[in-house]
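Working notes for the structure below.
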Amino acid sequence: MSNTKKKMTLLELGETCMAQAMLIFLFADLRILSATGQIQSKYEHLCIDSDRSPRFSAQDFAGFAEYNETRGVTAAHIMAILLLEITREADEVAASKQPKSIVFDSTDKTKNAPFRLKKKDLQAAQGLPTLLHCYSEMVETDISESVHHVRKQEYPMDAEIPSSKAFHRADFDPDVEDEDDEVMFNNFMKKSKAALGRQADFKRITELQKMATLQNSMMAKHASFRGNLEGYYDEEEIVQLVEQSIENRDNDRLLFMKNFFKEDSISRVLVESKAEMVWLSDWHTTHECTYAISIDREENKVLLVFRGAYTSSDWKHATDSRGTATSNPIKEEYPHRPKTLRLHRGFWKYLFRVRKDTATTKYDEIASKLAHYCNLVGESFSVTVCGHSLGAALATVFAFYASTEERFTCNGAIETVTFGAPFVGGHKFSEAVRHQEDTGKLRIAKFRVVGDGVAYLPPTLLTMGKRGAWWFHSGMNVTLPSIRTGPFKVFGQPQPKVTYNGPSKSFVGSYLRQVREFYFWQIPVRFWLAVKMHTLVEHKKRMSVINSAKDYGNSPLVKYSLEELYEMRDELK
């Protein structure tokens, strides 16, 4: 029997990276809220390696502390905490009979709101509503129509706790639905989904009538089953099971959550995944970039995620768009190899600013941590780097530099998946990237939404060199089209485009490309939607439609893996 596994298509890779990154930074914000006592989840249930790393010396703060034990949290663990906190909030709102501030809402001004989040106090958590909005979109798409009951024998609790509800029926007819049957688990899911639904419209939180409406509309189809109902958990016991599993970090007992979701959905894949988030660098978010590392020991995978722009320092670096010349890290010769490369100064400084105390850079810190976890997962490890917006730019720069180090490419190419990535370099940088691609050390997939102008910043046409535009995209471009709705559906759906950024052979070709990629041509006609087009929510929405609709079955995005697309990249130029 063959042990080879089917490779993920590029769309599946993009959706998985986005979902994992989203959960990781939701978890990052939950940790902030837990540390400040604004949620019930205790910090010891959320801490990971980076929380236990010593911080006594300059070397420690530069990210070079040594540690042996590894402690992380899985996606199922993060999703369980989110479910608990949202369910608690729904219970509190129902008990008080008045709308209170949701822990994830920063707009509510209720004086007695126990979970009010103030941006000025928790600047690093200000992206939480947007992340939760995106998470709710994913759950809404992936949620199963059937509710599966949780068998006590399969997922035992530490100690048997008497049920507060009696489910005894001598003559049970599986074809007849009973009110008691639905109470077992539907109430728990209804409240969770209703609260998630509220997050999708977090800026316009309404009264309890809206929650009741959402609960009714989210009513799941009852799953038929046979046997004595005493063998299954009721709603309160389900909550206790989740709480115990989180406290004990028993991820096997959280596997029942996979039945919340449809087969082959991203949410189900995440629940079943053994990937653990082990490192989160958010010590100094107002001065340094935020990144996280996740490992999967079973799949021998290491994922590095960079966060997008949230703090004033992030925006300062993102808008510092002058070019800077830096030495070419590729040592071997290739045609027209230059000694220096031009990079976006703000992105370069975020990764390569030299510390005055240890003479190291942020790149050195991240590379050291990444190498540690690569060695931890096994010799046959693979590395994936991803990010959105500013995080996408940092992911591109980091992946390129990492691809020049044998310790990261000894088992194959570093795969880079970005969303809404701006320009990071010019012609020389793009040629250096292509050399790494040709030698099998780097693969890049850049997802962008039609109408997202950020992907074409800094603006071209404003700067010109001997070879045309200063700024030039590299890697594989994936353009997610607009979704036609209503009567426009009769014309069919526009296809996503997968193209490879090949070299410009002449000044004229480079100039025409520069005109075509000018920022203002990318802004939608309804210009007030320009910001929306750059969000993760919009990326996720369009990727979900493409994944579920039959109209896109022949697109390379849903047929081929990133590796296969690179083999045919000459056809995609």
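Quick one: with all protein chains in place, what share of the accessible area of region 1-64 is carbon or sulfur, to the nearest percent (1.4 Å probe)? On region 1-64, the fraction of accessible area on carbon and sulfur atoms equals 57 percent. Scanning residues 5 or more positions from Phe261 or on other chains, those with amide H under 5 Å from its amide H are Ser144, with H placed 1.01 Å from N in the peptide plane. Around the Cα centre of region 227-321, unit charges on the Cβ atoms of Lys, Arg, Asp and Glu (plus for the first two, minus for the last two) sum to a dipole of about 540 debye. Normalised by the number of residues in region 364-473, the mean separation of alpha-carbon contacts (under 8 Å, six or more apart) gives a relative contact order of 26 percent. Here the accessible area of region 392-463 is 53 percent carbon and sulfur, with a 1.4 angstrom probe and all protein chains present. Counted by Cβ distance under 11 Å from Pro338, the other residues give a net charge of +3, where Lys and Arg count +1 and Asp and Glu count -1. With all protein chains kept in place, the per residue accessible area of region 509-573 amounts to 59 square angstrom at a probe of 1.4 angstrom. List the pairs from Lys42/Lys356; Lys258/Lys446; Lys262/Lys559; Lys42/Lys559; Lys331/Lys505 whose alpha-carbon separation is above 32 Å, in the order I gave them. Checking Cα-Cα distances, Lys42/Lys356; Lys42/Lys559 exceed 32 Å.
Rolling a 1.4 Å probe over the protein chains gives Arg297 an accessible area of about 100 Å². With protein chains left intact and a 1.4 Å probe, residues in region 301-409 average 42 Å² of accessible area per residue. What a 1.4 Å probe finds exposed on region 466-532 is 66% carbon and sulfur by accessible area, rounded to a whole percent.
Using a/c under 1.5 as the rounded threshold, could you call region 511-572 rounded, prolate or oblate? The axes a ≥ b ≥ c are square roots of the C-alpha gyration tensor eigenvalues, and prolate needs a/b larger than b/c, oblate otherwise.
oblate
How would region 420-573 be classified by its alpha-carbon gyration tensor: rounded, prolate or oblate, with rounded meaning a/c under 1.5 and the a/b versus b/c comparison settling the rest? Oblate, since a/c reaches 1.5 and b/c is not below a/b.
Rolling a 1.4 angstrom probe over the protein heavy atoms with all chains in place gives region 4-68 an accessible area of 43 Å² per residue.
Contact order, relative form, for region 468-540: 31 percent (alpha carbon pairs under 8 Å, 6 or more residues apart, mean separation divided by residue count). What shape does region 337-449 have by the C-alpha gyration tensor, where a ≥ b ≥ c are the square roots of the eigenvalues, rounded means a/c under 1.5, and otherwise prolate means a/b greater than b/c and oblate the rest? In terms of gyration-tensor shape, rounded.
The values are calculated or read from the model by the stated rules, or taken from the named source; none is laboratory data. Please read all numbers here as calculations on a predicted model, not as lab measurements. A quick note on method: Cβ atoms are made from the backbone with ideal geometry, for glycine too, and the neighbour counts reach across all protein chains shown. The area values use the complete protein model at the heavy-atom level, side chains included, leaving out ligands, DNA and RNA. Shrake-Rupley method; radii C 1.70, N 1.55, O 1.52, S 1.80 Å.
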